[in-house]
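> Dropping the structure in here first, questions after.
The values are calculated or read from the model by the stated rules, or taken from the named source; none is laboratory data. Predicted model only: the values in this text are computed from it and were never measured. Every residue, glycine as well, gets a Cβ built from its backbone with ideal geometry; the counts of neighbours run over all protein chains shown.
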Amino acid sequence: MFDMMPPEQETTITTTVTSNIPVTNRPENSLVYAEPPGSTSSEVKSSLDNGIPLPQQPTAARFSNFLQQSLKQITLRFEDVCYSITLQSKQNGGCSSSQEPKLTRNILNGVTGIVRPGELMAMLGPSGSGKTTLLTALAGRLAGKVSGTITYDGQPFSSSMKRKIGFVPQDDVFYPRLTVLETLTYAAFLRLPKTLTSQEKLEQVEMIIVELGLTRCRNNAVGSGAALFRGISGGERKRVSIGQEMLVNPSLLLLDEPTSGLDSTTAQRIVSMLRGLARGGRTVVTTIHQPSSRLYRMFDKVVVLSDGYPFYSGQAGRVMEYLGSIGYVPAFNFMNPADFLLDLANGIVADAKQDDHNGFDHHEDQASIKQSLVSSYKKNLYPALKEEVQRNNGDPSVYRSRTPRSPENQWTTSWWEQFKVLLKRGLQERRHESYSGLRIFQVLSVSILSGLLWWNSDPSHIQDQVGLLFFFAIFWGFFPLFNAVFAFPLERPMLKKERSSGMYHLSSYYVARTVGDLPMELILPTIFVTITYWMGGLKPSLVTFSLTLLIILFNVLVSQGIGLALGAILMDVKQATTLASVTMLVFLLAGGYYIQQMPAFIAWLKYISFSHYCYKLLVGVQYSVNEVYECGLGLHCRVMDFHALKYLGLNNLWGDVAALTVMLIGCRIVAYVALRMGQPH
Ligand SMILES: Nc1ncnc2c1ncn2[C@@H]1O[C@H](COP(=O)(O)OP(=O)(O)O)[C@@H](O)[C@H]1O
Ligand SMILES: [Mg+2]
């Protein structure tokens, strides 16, 4: 099994890496690069066998066939990538190291590099040096202005490209209640092309599970990582995250600190897996925190960053030679090159003679060391690098005309397929939500309590009955609204992750999400109305009851729409709930029950209150126009003359239905548009 495998065998123990550059690391010797895509299959196998056993299943061969034919090789070139952020306030200090208050801060300063298919590039640097920022920029996911050029096989970033890029962020985002198997299966169904059958997709998932050594935890819930809901371990989560990206067989795989927090054996395993993937013709870029020298030797290329400035970018094996040539040699021969590089990136040169406290009290030294490294990079490495990056970087327009963007290339699965998978996933995730039980309890208790309070209310007490109807309108205005407000803000990280890898249409997600909520949203009011209506002694007519129920359900849909819109616009739970309660209070007050005669300048408020329309409809359905009630001993009055109903204006019920319909559709459109505007690209 995976866990038992020895780490990658690299038996040659070189005394120093400086003079002993492994020849295989040089691009000109890279077999994979030189060979056509079709011939790389043997490479994949052998390299995967190196660290991870490929299951010897007949399906594997069939699938690897698919993997090979769909693998497009991508050379990633980035040139002079700069990125700066505008700081909100002029505060001095903080994270910013500059002395004078500045409004912008440069996070990346002209980083250049090239990674070819078959190569594994590592980004090194101390924490805060800009590794994540650079990686995000390379994935085309950096919001804001990135200057410089980043090309993928000569083409700029495009939406068809984003499906060929796998991006594993540092923080894993999952639906916590789904198991490892379910998580990967849904990803497979969303991301694998429709040319594969369901069976083949499932086989691929099995293969990934075996390949990543997740067999033991395949049926465990992923968990949210935090103390909230414990699931699988951190290393396993990371591997699931990588597995999700590997499923689609990306041509370019970008990973942010895939080994942080893992033990060195697991880290080794992950990196050798990455190298295996690279050798199969992919381009792999990873940031890495603290590589051991064993890990370091697996990298083909490194980019070393110090405060956003690169001071090395090129062959991993040559870095010591280069640093030696500009006068930086490690204190002792066996030093891990990664340690040495990180020390230098922090501006620390550990001298053989001096103690380890050296450097910590020489801030000026540190700054000048960093500066000299950066300037010698500019002088010695940059010109050649730039030339290399620009060489063969064909005219982008030629590429674009050669590969016309075909529409079937845009989406791997159809809208309907995406909708079905998302709906199923949503229902599965919801099933575990503990608050479903709580909500049923809440609704049942409120309905029985109000049933008891209004127990067989006397039809002559119009005021009481009308009060019950208003309560229906308000309760089923509040309740769905508050549930819906959470929908999008809570799913935001997931949505962002999946949308930026182009997994599905926003509309299919949106429809699946709202449809998935419907069963619960419609069953609860049905239970409520059934109980309270008959306990409360409202008009004992099946038609009236059914109409009342229909109106309430309609009201629920409108209120859900408003909640979704508020959530989608604000995308923040706290803000959205606050605004929702204010909105609801306004609608409650303007509903027409508490006050009938509003001052003219504010009377329009009731026309935007959906509770007002619902209330009117409920009353209109409950009492017919000529209905009378006993308003005194032997006296009969018309219900419509009752003071609380007189000014309600019950003569245009279809108008109220129309108003609610407009709100229903309007809010959902607003919610969708807000969601779309909040999306990357
Ligand atoms: N959106 C942002 N707002 C404020 N600071 C940022 C932002 N993005 C990056 N930074 C800053 O840029 C620096 C580099 O960040 P990052 O790329 O995450 O570093 P690394 O991954 O190397 O630790 C950090 O000092 C961080 O505080
Ligand atoms: Mg980082």
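> Just to be sure I understand the filter: pairs with C-beta atoms under 7 Å, separated by 6 or more residues or on different chains, first member in region 110-129 and more than 27 Å from N392 (Cβ to Cβ), second member within 16 Å of ligand 1 (Cβ to nearest atom) and in a strand (DSSP E or B). Which pairs pass?
G125/V304; G125/L305; G125/S306; S129/L305; S129/S306
> From the list G516, G467, G536, exactly one residue is within 30 Å of D641 (Cβ to Cβ), surrounded by fewer than 21 Cβ atoms within 10 Å (Cβ to Cβ) and at pLDDT 90 or above. Which is it? Working first, answer last.
Numbers: G516 fails: within 30 Å of D641 (Cβ to Cβ); G536 fails: surrounded by fewer than 21 Cβ atoms within 10 Å (Cβ to Cβ).
Criteria check complete, one pass: G467.
> Is it fair to say I208 is in contact with a Ser or Thr (Cβ under 6 Å, 6 or more places away or on another chain) and away from ligand 2 (no atom under 16 Å from the Cβ)? Spell out how you get there, then give the answer.
On the way: in contact with a Ser or Thr (Cβ under 6 Å, 6 or more places away or on another chain): no; away from ligand 2 (no atom under 16 Å from the Cβ): yes.
Answer is no for this residue.
> Right, next: Name every residue in region 502-513 that is surrounded by 22 or more Cβ atoms within 10 Å (Cβ to Cβ) and outside any helix (DSSP H, G or I), in order of residue number.
M503, Y504
> I'm told F545 meets every condition in (1) modelled with pLDDT under 95; (2) more than 22 Å from I608 (Cα to Cα) except one. Can you identify the failing condition by its number?
(1)
> Next question. Go through region 152-194 and give me each residue that's in contact with an Asp or Glu (Cβ under 8 Å, 6 or more places away or on another chain) and farther than 26 Å from R239 by Cβ.
G154, K194
> Please work out which one of (1) more than 30 Å from D641 (Cα to Cα); (2) surrounded by 14 or more Cβ atoms within 10 Å (Cβ to Cβ) is the condition E433 fails and give its number.
Tallying (1) more than 30 Å from D641 (Cα to Cα); (2) surrounded by 14 or more Cβ atoms within 10 Å (Cβ to Cβ), E433 fails exactly one: (2).
> Let me ask another. Among the numbered criteria (1) over 21 Å from W415 (Cα atoms); (2) assigned to a helix (DSSP H, G or I); (3) of a type outside the set (S, T, Y), which one does A187 miss?
Every listed condition holds for A187 apart from (1).
> Within region 318-328, work out how many residues are surrounded by 18 or more Cβ atoms within 10 Å (Cβ to Cβ) and not in a helix (DSSP H, G or I). Working first, answer last.
Of the residues in region 318-328, the ones surrounded by 18 or more Cβ atoms within 10 Å (Cβ to Cβ) are 318-320, 322-323, 328.
From what's left, not in a helix (DSSP H, G or I): 328.
Of the residues in region 318-328, 1 are surrounded by 18 or more Cβ atoms within 10 Å (Cβ to Cβ) and not in a helix (DSSP H, G or I).
> Among the residues of region 235-258, what is the count of those that are within 16 Å of ligand 2 (Cβ to nearest atom) and touching a Gly at 6+ places or on another chain (Cβ under 9 Å)? Explain how you work it out, then say what you get.
So in region 235-258, the residues within 16 Å of ligand 2 (Cβ to nearest atom) come out as 238, 241, 254-258.
Within this subset, residues satisfying the condition of being touching a Gly at 6+ places or on another chain (Cβ under 9 Å) are 238, 254-255.
The qualifying residues number 3.
> In addition: If I go through region 470-510 residue by residue, how many of them are at pLDDT 90 or above and either hydroxyl-bearing (S, T, Y) or on the phi > 0 side of the Ramachandran plot (or both)?
Adding up the residues that qualify gives 5.
Conditions (1) basic (K, R); (2) within 13 Å of ligand 1 (Cβ to nearest atom), marked per residue:
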residue	(1), (2)
R105	yes, yes
G110	no, no
T136	no, yes
G148	no, no
D153	no, no
S159	no, no
R163	yes, no
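> Sticking with this one: So for region 644-666 (the condition being under 27 Å from S581 (Cβ atoms), hydrophobic (A, V, I, L, M, F, W, C) and modelled with pLDDT under 85), does at least one residue qualify?
Yes, that holds for at least one residue.
> Oh, and also: Of all residues in region 114-134, count the ones that are among the aliphatic types (A, V, I, L, M) and either near ligand 1 (Cβ under 8 Å from one of its atoms) or touching a helix residue (DSSP H, G or I) at 6+ places or on another chain (Cβ under 6 Å) (or both).
Residues of region 114-134 that are among the aliphatic types (A, V, I, L, M), as a first pass: 114-115, 120-124, 134.
Add one more test, that the residue is either near ligand 1 (Cβ under 8 Å from one of its atoms) or touching a helix residue (DSSP H, G or I) at 6+ places or on another chain (Cβ under 6 Å) (or both), and what stays is 114, 120, 123-124, 134.
Adding up the residues that qualify gives 5.
> Would you confirm, using the coordinates I've provided, whether S233 is hydroxyl-bearing (S, T, Y) and more than 16 Å from ligand 1 (Cβ to nearest atom)? Walk me through how you get there before you give the answer.
Numbers: hydroxyl-bearing (S, T, Y): yes; more than 16 Å from ligand 1 (Cβ to nearest atom): yes.
It is true that S233 is hydroxyl-bearing (S, T, Y) and more than 16 Å from ligand 1 (Cβ to nearest atom).
> If you don't mind, there's one more thing I want to ask. If you check P117 against the conditions, is it part of a loop (DSSP other than H, G, I, E, B) and farther than 20 Å from Y83 by Cβ? Step through it out loud before you land on a result.
On the way: part of a loop (DSSP other than H, G, I, E, B): yes; farther than 20 Å from Y83 by Cβ: yes.
The answer is yes for P117.
> Kindly evaluate L214 against the criterion of being surrounded by 17 or more Cβ atoms within 10 Å (Cβ to Cβ) and within 16 Å of ligand 2 (Cβ to nearest atom).
no
> If you don't mind, another one. Using beta carbons and a limit of 6 Å, which pairs, at least six apart or on different chains, have the first residue in region 251-266 and free of Cβ contacts under 8 Å to residues at least 60 places away in the same chain and the second one outside any helix (DSSP H, G or I) and small (G, A, S)?
Listed pairs, sorted by first residue: S264/S292.
> Condition test on L253, is it over 18 Å from A338 (Cβ atoms), at pLDDT 90 or above and under 23 Å from the mean Cα position of the chain (by Cα)?
Yes; evaluated as a whole, the condition is true for this residue.
> Quick one: in region 247-257, of everything that is within 16 Å of ligand 1 (Cβ to nearest atom) and surrounded by fewer than 24 Cβ atoms within 10 Å (Cβ to Cβ), which residue is nearest to L76 (Cα to Cα)?
D256
> If I filter region 267-290 down to residues being closer than 14 Å to A338 by Cβ and more than 14 Å from ligand 1 (Cβ to nearest atom), which single residue comes out as surrounded by the fewest Cβ atoms within 10 Å (Cβ to Cβ)? Steps first, answer last, please.
So the first thing to find is which residues in region 267-290 are closer than 14 Å to A338 by Cβ, and the list is 267-268, 271, 286-290.
Still in the running and more than 14 Å from ligand 1 (Cβ to nearest atom): 267-268, 271.
Details: A267: 24, Q268: 21, V271: 28.
For region 267-290, the residue satisfying everything is Q268.
> May I ask you to list the residues in region 514-563 that are in a helix (DSSP H, G or I) and among the charged types (D, E, K, R)?
Kept after step one, since they are in a helix (DSSP H, G or I), are these residues of region 514-563: 514-535, 542-563.
Hits for region 514-563 are D517, E521.
> Which ones in region 123-163 are within 16 Å of ligand 2 (Cβ to nearest atom), crowded, with 21+ Cβ neighbours inside 10 Å and of a type outside the set (S, T, Y)?
M123, L124, G125, G130, K131, L134, L135, A137, L138, A139
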